[in-house]
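Trainee: Quick one: the structure is below, and I'll ask about it shortly.
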């Protein structure tokens, strides 16, 4: 693990009472890389049911590239960490999840701006802006059986808690992902299956839940190691 | 129409999940246009030749065909479309101006290449490609 956490102190290298710095966001991205690596087989299995069976491998390749980039040096601000990660995903994933997750992180990062420390409320707002950009790019809405069905409830839960409760965001994302099982796909390759897409969890929603779980994990470390 | 560009032609980039599809459509469009050196190139697949969409392959192709009059991109579906849109919305990797054409890959490529080879500007190239949707086959 990189960096000590200094709760409440100005020169923190992680989370604090006032907010989160670049080290926290780097830890989020590394936790996401770990989770994607651990769950790659499950993502691919979900994708083989209603897609083209490459989601696990694609996400693993993308987030490993993000990890390597961060190993070479963590950008100075939360926004630049997310923009760097997003750019890396667009250039390495090779499937639709590359531009979608890339847009999510880049727009979220761009919305955070140049601040060295961001509050939970700012993160909730920026995440929501990032999700709007994903919805616009993919032309998808809630209930279309996509990553949005995990991301949107997570961002809402985070906003409802004033940006404080990362675990609530995680829980909401996992619930949203599970609930895609009953939905019929209306976007992406799975939509060609029509009603046959019902009964399978959406792989993009599953990976989005991993991303939100990684956020909670990064937050848990920040709280736990003070 | 191309006054400001000193006769430079619009470059066309064909983005497909498959390298073979992209390259074959590019050579077919150039042949049908009767312009062997038409400013069109394929940007298909991953850098290792596998199926997929690569930002790197697309941006390299765009730089290759950019002669200063702008670059028009056509894409097949899914991640090919999303990657181009992401590059246009977020990045500075593509030459300026660059534009994604709302057209089917094969039919749109023919119209775009004929128009670009004849000296049409980016708007004319886009209009020619997008006209492909008005041709009904049944």
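Read-outs throughout are calculated quantities, based only on the coordinates presented, and are distinct from any laboratory measurement. For clarity, every value in this text was computed on a predicted model and none was experimentally measured. Neighbour counts are summed over all protein chains in view; Cβ atoms, including those assigned to glycine, are modelled from backbone coordinates with ideal geometry.
Trainee: Report the relative contact order of chain A, percent, no decimals, based on alpha-carbon pairs under 8 angstrom and at least 6 residues apart.
Mentor: Reported as a whole number, the value is 22 percent.
Trainee: Quick one: order A:197, A:207, B:79 by neighbouring beta-carbon count within 10 Å, fewest to most. All intermediate terms of the calculation are to be shown ahead of the outcome.
Mentor: Values: A:197 23, A:207 29, B:79 26.
Fewest to most other Cβ atoms nearby, the residues stand as A:197, B:79, A:207.
Trainee: Right, another one. Can you give the angle from 0 to 90° between the axis of helix A:203-224 and the longest principal axis of chain A, with both taken from C-alpha atoms, to the nearest 10?
Mentor: 20 degrees
Trainee: Additional query: Neighbour counts of other C-beta atoms within 10 Å: give me B:77, A:158 arranged from fewest to most.
Mentor: B:77, A:158
Trainee: Which ordering of A:81, B:138, B:57 is given by a fewest-first count of other beta-carbon atoms within 10 Å?
Mentor: Fewest-to-most Cβ neighbours within 10 Å comes out as B:138, B:57, A:81.
Trainee: Just want to confirm a number: the relative contact order over chain B, from Cα pairs under 8 angstrom separated by 6+ residues, in percent.
Mentor: RCO, chain B: 30 percent.
Trainee: Given 10 °C and 1.306 mPa s, how large is the Stokes-Einstein diffusion coefficient of region A:20-224 in µm²/s, with Rh as the Kirkwood radius over Cα pairs?
Mentor: Numbers: Rh = 16.4 Å.
So the translational diffusion coefficient is about 97 µm²/s.
Trainee: Percent antiparallel among DSSP beta bridges with both residues in region B:4-119, to the nearest 5?
Mentor: Counting DSSP beta bridges with both partners in region B:4-119, the antiparallel share is about 0 percent.
Trainee: Next question, about the same structure. Calculated from DSSP H runs of 4 or more alone, at -39500 (n - 2.57) each and per residue, what is the 222 nm mean residue ellipticity of the protein assembly as shown, nearest 500?
Mentor: On the way: 13 runs with 206 residues, N = 364.
Mean residue ellipticity, 222 nm, calculated: -18500 deg cm²/dmol.
Trainee: For chain A, modelled as a GNM with alpha-carbon contacts under 10 angstrom, which of A:176, A:56, A:199 fluctuates the most?
Mentor: A:199
Trainee: Which value in nm describes the separation of the simple spin-label points at residue B:92 and residue B:27, placed 7 Å from the Cα toward the beta carbon?
Mentor: With each label placed 7 Å out from Cα toward Cβ, I get 3.8 nm.
Trainee: Follow-up question, since we're still on this one. Which residue, B:127, B:117, B:29, tops the fluctuation ranking in a GNM of chain B built on C-alpha contacts under 10 Å?
Mentor: B:127
Trainee: Once you have the Cα-Cα distance between residue A:34 and residue A:68, take 0.36 nm times their residue separation minus that, and quote the gain in nm to one decimal.
Mentor: Working: separation 34, 0.36 × 34 = 12.24 nm, distance 1.24 nm.
Gain on extension, residue A:34 to residue A:68, equals 11.0 nm.
Trainee: If you don't mind, another one. Could you check which residue among A:70, A:166, A:100 shows the biggest mean-square fluctuation in a GNM of chain A with a 10 Å Cα cutoff?
Mentor: Taking springs between Cα atoms under 10 Å, the residue moving most is A:70.
Trainee: Across the residues of B:79-92, average count of Cβ atoms on other protein chains within 10 Å?
Mentor: So the per-residue partner count for this stretch is 6.
Trainee: Counting DSSP beta bridges in the protein assembly as shown, what percent are antiparallel, to the nearest 5? Write down the numbers at each step before the final one.
Mentor: On the way: 3 of 17 bridges.
Within the protein assembly as shown, antiparallel bridges account for around 20 percent of the total.
Trainee: Can I ask one more? First measure r as the distance between the Cβ atoms of residue B:48 and residue A:121, then evaluate 1/(1 + (r/R0)^6) with R0 = 51 Å and state the FRET efficiency to the nearest 0.05.
Mentor: 0.70
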